[in-house]
Structure formats: structure tokens, C-alpha cells
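Read the structure below first, then the notes.
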Amino acid sequence: MLTSSVAQAPIRAGKGEGETVGIALLGFGTVGSEVFRLLQENADAFTHRIGGPAEVRGVAVSHVGNKPRPGVPKDLLTDDAAGLVTRDDIDLVVEVIGGIDFPRELVLTALNAGKSVVTANKALVAARADELAAAAEATGADLYFEAAVAAAIPVVGMLRRSLAGDQVERISGIVNGTTNFILDAMEATGASYDDALAEATRLGYAEADPTADVEGHDAASKAAIMASLAFHTRVNFDDVYCQGISDITAGDIQAANEAGFSIKLLAICERLRRDDGTEAVNARVHPALVRKEHPMASVSESYNAIFVESEAAGELMFYGNGAGGNPTASAVLGDVVGAARNIVHGGRAPGENTYANLPIASFGEVRTKFHIDMEVSDKLGVLKEVAGVFARRDVSLRTVRQEDGEETARLIVVTHSAREEVLEAIIDELRALDSVHAVHSVIRLSE
Ligand code: NDP
Ligand code: HSE
């Protein structure tokens, strides 16, 4: 059966060359204010690129009077976002509010009315992809979300269009600017976790609730979006294994540094081949040790880097600004031009296509290498006992390092690759040994 979403969408006629595209801008915060400024400052260029003027006809905020809104005429401001979306003079809705439930209503209202939508909201797209895509299909409206993944880096367009003729095998990378900023500051300057998070928030990188950043939820939303596009399979936020950086200590970073690694929060999307020959996909987010020589280790501040492996193209690497008002506005405005061109000239961008519908592999099926930092009794036979736990489950050890303490010893073990579920069982068994006083940290290796 043909399940191509592109084939089902109604073909839409354009408004005509030179006609104005009416825009509703929902949100005027870090991103929205930059989108507005750039649209005003470069109005002529946008007119040429679109084929007609792009006019912001309303700006929705939560409270009209509570902040200065530089450059915005008062009569454009409203706190009635729902009313703005349904106005007849609005062709295109740009959603940069954030959250899920409220913007979901607005975006669905717009799409159901045949109005195209550009959103930077990864939480919304990752949580509600099916219903948003279905609404866009039904009316032939466009749904663009380039800014939802890695801000200025064109990841969505690359997966949706550039690699549409290839088979993606794996995507791995740093897709959250806030956590990279924190880890980088802790490693490079010895900044505290709290100070680095406060600075990332001040610079406009963090989400309204930064828990989404530090617990990995933001990166997990991005992983779900990337995996869905890469593998033509719906991967939702809840399908993504997610571990953030809130447990990473200064001690972990120092130990990693001494061993020649940096700690990075990675998002990994992978096509797996099971023992029975069938394929499945997995998406996950967790901190990982990255060897200092790897280009990912030198990604600093709020920058993002994404590595893609595909059958025909081979290895591709993308690097750039992954958060902040301006970089995100760049991605939003690229989508605004695309959507507005279709409104003027007719037609539609390629939509979602989840025809492959591969099963989602559990995290336990994934193969990983672990770096385990333990405190053990400093007595004869302990090393043999610890090594025996790994050997009984057929996991071989790559390196074992022991540092003597006063009465205990620190033991750092790096394993060869094994299934997550096996390694997790090993950690449980180690924790239960009398001779293991503490398992200080368990961090995966990126290689
Ligand atoms: P901000 O918190 O800076 O801005 C949110 C805006 O939405 C504010 O203008 C706020 O109004 C408005 N708003 C909140 N509630 C309502 C409501 N009920 N009705 C109308 N307007 C409302 O967020 P950001 O600009 O940082 O982020 C916006 C979106 O972009 C999020 O989805 C985020 O994930 C995404 N994004 C952000 C990036 C970044 O680096 N910041 C990068 C990539 C994506 P008011 O001004 O009155 O408070
Ligand atoms: N909070 C996000 C980040 C914004 O830090 O990466 C960009 O999506």
C-alpha cells in the first residue's frame, strides 16, 4: 500500500506573485523578538525571496504591558493568541511560545484552517508529531520546524530533503547548547554547575524551565525528531531513552580529563540489525566520554555538532550555533521564506513520511562501552572478584586502573562493547558486593 504522505495532500493554489503574506507571530521572547527584528530590518530582501511582502499583522505575548517590546507598534500586540490565529488576514503562523498544550491548540487551529505553521518548538513536535502531521496533510498546509533541532544548523532540511535519497544508519551529536555550555564551563574554567546554568539562562540558551535541558528532555525531543525523519519511522519523545547531566560532578569531569576524555551530552539515533536479520531503530540521550582527539570534544560553549552516517553519502559533520535568539531566528526565517513562497506561488514542501514504520528497539538492546569508577576494599582478591562479575556475563575488560587510597582503593574499569541490559545487570551485581564500597559513576563511552 502506498503510504506516502506527499501523495495524499491537497494541491493548493497560491495567492499570486506580489501578494502580501500575513504573519501571526506567537511569542516575543528570546527567539520571537529576533524573528521580528530581522523581518523588519530585511523586509525588501524577504519580499524578493518570497515573491511578495511578508507582513507581521499581530504579535501574541502572555501579558501585553509587562515588558518593553522594542520596535513593535502597540496595536500589533495582543494577549489573545487564539484570536490572532483565526483572523482572516493571517496566512502563516510562527509559533515561538514554547510548552506543549497551549501551542498545540494554536498550531492545530492554524493547520486545520489551512494556514501554514513554522515552529521552533521541539517539545511540541516530538510529543504530538502524528496529529500535527495529520492536520497539515488534511488541509495541505505546510508544517516547518527547522529551528526545533540545533537552531541554526540545517539538520531538519538535511534529513527531510538532502538525504531523502539515501539510507541513514546513524546520527550522533551534541544537540543541546545549555548542557554543552555547562559541561564546557565546568571543564575549561572549573565553574560550578549552578553558576554555569545561570549564565546559560542569562544568555538565552536555556528553556523556560531549564530542567528540560539538564535532564536531557530537550535533547530527547530533538533525537525523536531526527530519528523520525532519518528512519521514516515515527519516534516519539517517550520512545527515547533519556539521562541528563544533573548527576555529573566536578570529580567526574576531572577524572575524565585525566583519562583523556571530555564529558558531553550526546543524542544518538541508530538503525540496529537484530540477530534474526530484521531492522529496528533506537534513539537515546545520555552523557558520554568523548576522546579529546575527537572533533566532538572541542565543541565549546553553546555550539552543537552532529555526525551523520549514511549508506551512500558516508560520513557528514555539521557544526554551528545551537541555541540563542539570533541563530534560532535564522532557522525560523528560513522556514518562513519557504512557507511564504508556497503561500504566494502555490504548492507545498515535502511532508512527513513514516512509511518504513520500523520497530523501536529497547535501550537494553543497544551495545555500549562503560567507564565505571568504583571504591573497593584494598585487599587481596578484590580485583579477581570484580573481574569475575564481568567474565561470568561474557563482557571483556579493555582497561583496569587502580589507585591506592588510605584504606580503600579506587578502581576504574573500561569495558569492551556489550548490550546495555547486560552491563546494567553487572552494575547491580557490583553494587551488591561487600568489597565494592561505592560505584561513584558509570559513564558510557561514545566510540
Ligand atoms: P521565551 O520564554 O524567551 O519567550 C516566550 C514568549 O512566549 C514570550 O514572549 C511570552 O510572552 C510568550 N508567551 C508565553 N505564554 C504565552 C501565551 N499564553 N500567549 C501568548 N504568548 C505567550 O522563549 P524562547 O524564545 O527562548 O523560546 C521559544 C520557543 O523556541 C520554545 O519552544 C523553545 O524551545 C524554542 N527554541 C528556543 C531556542 C533558544 O535558544 N532560546 C532555540 C531553539 C528553539 P511574554 O513576553 O509576555 O513573557
Ligand atoms: N534550550 C535549547 C538548548 C535551545 O540549550 O539547546 C535550543 O534548542
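The table below gives the values:
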quantity: Test: residue in region 333-350 that is within 16 Å of ligand 2 (Cβ to nearest atom) and small (Gly, Ala, Ser); calculated: yes
quantity: Residue identified as more than 12 Å from the chain's Cα centre (by Cα), crowded, with 22+ Cβ neighbours inside 10 Å and either away from ligand 2 (no atom under 16 Å from the Cβ) or of a type in the set (Asp, Glu) (or both) among Val168, Val214; calculated: Val168
quantity: Qualifying residue in region 248-260 (condition: more than 22 Å from Gly157 (Cβ to Cβ), without any contact (Cβ under 8 Å) to a residue 12 or more places away in the chain and more than 12 Å from the chain's Cα centre (by Cα)); calculated: yes
quantity: Selection count, region 291-332, where residues are more than 16 Å from ligand 2 (Cβ to nearest atom), part of a strand (DSSP E or B) and surrounded by fewer than 24 Cβ atoms within 10 Å (Cβ to Cβ); calculated: 8
quantity: Unique match (being at positive phi, small (Gly, Ala, Ser) and modelled with pLDDT of 95 or more) among Gly346, Gly334, Gly338; calculated: Gly346
quantity: Residues within region 116-157 that are assigned to a loop (DSSP other than H, G, I, E, B), away from ligand 2 (no atom under 16 Å from the Cβ) and surrounded by 24 or more Cβ atoms within 10 Å (Cβ to Cβ), tallied; calculated: 2
quantity: Filtered residues of region 28-61 (kept if without any contact (Cβ under 8 Å) to a residue 24 or more places away in the chain and not charged (D, E, K, R)); calculated: Asn42, Ala43, Ala45, Thr47, His48
quantity: Criterion: within 12 Å of ligand 1 (Cβ to nearest atom), in contact (Cβ under 8 Å) with a residue 40 or more places away in the chain, buried (at least 24 other Cβ atoms within 10 Å of the Cβ) and not polar (S, T, N, Q) - qualifying residue of Gly173, Gly204, Gly177; calculated: Gly177
quantity: Checking Asn304 against (1) in contact with a Phe, Trp or Tyr (Cβ under 7 Å, 6 or more places away or on another chain); (2) within 13 Å of ligand 1 (Cβ to nearest atom); (3) not hydroxyl-bearing (Ser, Thr, Tyr), the condition it does not meet; calculated: (1)
quantity: Members of region 10-65 that are of a type in the set (Gly, Ala, Ser), out of contact with any strand residue (DSSP E or B) (no Cβ under 7 Å at 6 or more places or on another chain), more than 16 Å from ligand 2 (Cβ to nearest atom) and outside any loop (DSSP other than H, G, I, E, B); calculated: Ala43, Ala45
quantity: Residue satisfying all of: in region 69-83; closer than 14 Å to Arg37 by Cα and exposed (fewer than 12 other Cβ atoms within 10 Å of the Cβ); modelled with the lowest pLDDT among these; calculated: Pro70
quantity: Checking Asp238 against (1) within 14 Å of ligand 2 (Cβ to nearest atom); (2) closer than 16 Å to Lys122 by Cβ; (3) surrounded by fewer than 18 Cβ atoms within 10 Å (Cβ to Cβ), the condition it does not meet; calculated: (1)
quantity: Residue check, Ala391 touching a strand residue (DSSP E or B) at 6+ places or on another chain (Cβ under 9 Å) and within 30 Å of Leu111 (Cβ to Cβ); calculated: no
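This table checks each residue for (1) outside any helix (DSSP H, G or I); (2) within 25 Å of Gly244 (Cβ to Cβ).
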position: Lys369; (1), (2): yes, yes
position: Ile372; (1), (2): yes, yes
position: Asp394; (1), (2): yes, no
position: Thr399; (1), (2): yes, no
position: Gln402; (1), (2): yes, no
position: Glu406; (1), (2): yes, no
position: Leu411; (1), (2): yes, no
position: Leu423; (1), (2): no, yes
position: Ile426; (1), (2): no, yes
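The values are calculated or read from the model by the stated rules, or taken from the named source; none is laboratory data. Predicted model, so just to flag it, every value in this text is computed and none were measured. Positions of Cβ are generated from backbone atoms using ideal geometry, with glycine treated the same way; all protein chains shown enter the neighbour counts.
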